[in-house]
Amino acid sequence: MSLVAASAIHGRRRCARAALVPRSVRTTGVGVRHADVDDLAAVLDERAATSEGVACVIGMPSLPGTARIRSSSARSAKGLGFDLVDRSSADSVVDRYVAMTRATQQLVVLR
């Protein structure tokens, strides 16, 4: 096998591995925030006072929603995007991935 052929095969493998790692297409410079579940109301109030847009609390589907706050399960939120996502819990790894990738501006993980 020639050096060029070996390099091309190695390059394809590297690209295939890189393709498996999800990467956000949005960059806001705001890191992931961690908060206690008890602080949820304060987090949502702060967001409402400082920003426009819609927040979604994923993992607490019984939380009453408003015009700017939604509440959803991870399965129901799949394919949607929200400015702020608060994730409290998820049933599976897939649900956690879906919940954590819905944020377009900021992700808050509740403990």
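The values are calculated or read from the model by the stated rules, or taken from the named source; none is laboratory data. Remember, predicted model here, so these are calculated numbers, not experimental data. Glycine gets a Cβ as well: all are built from the backbone with ideal geometry, and neighbour counts include every protein chain shown. Quick note on the areas: whole protein, heavy atoms, side chains included, nothing else; ligands and nucleic acids left out. Shrake-Rupley method; radii C 1.70, N 1.55, O 1.52, S 1.80 Å.
Does the stretch 59-108 come out rounded, prolate or oblate by the C-alpha gyration tensor, with a ≥ b ≥ c the root eigenvalues, rounded set by a/c under 1.5 and, if not, prolate when a/b is larger than b/c and oblate if not?
Oblate, because a/c is 1.5 or more while a/b does not exceed b/c.
Compute, for Asp83, the solvent-accessible surface of its heavy atoms (probe 1.4 Å) with the complete set of protein chains present, and express it in square angstrom to the nearest 10.
40 Å²
Counting only protein heavy atoms, what percent of the accessible surface of the stretch 58-97 is carbon or sulfur at a 1.4 Å probe? Show your work: numbers first, answer last.
Details: 1320 of 2370 Å².
Result for the stretch 58-97: 55 percent of the exposed heavy-atom area is carbon or sulfur.
Order of 64-75, 31-42, 95-106 by packing, highest average Cβ count within 10 Å first?
My ranking of the peptides, most packed first, is 95-106, 64-75, 31-42.
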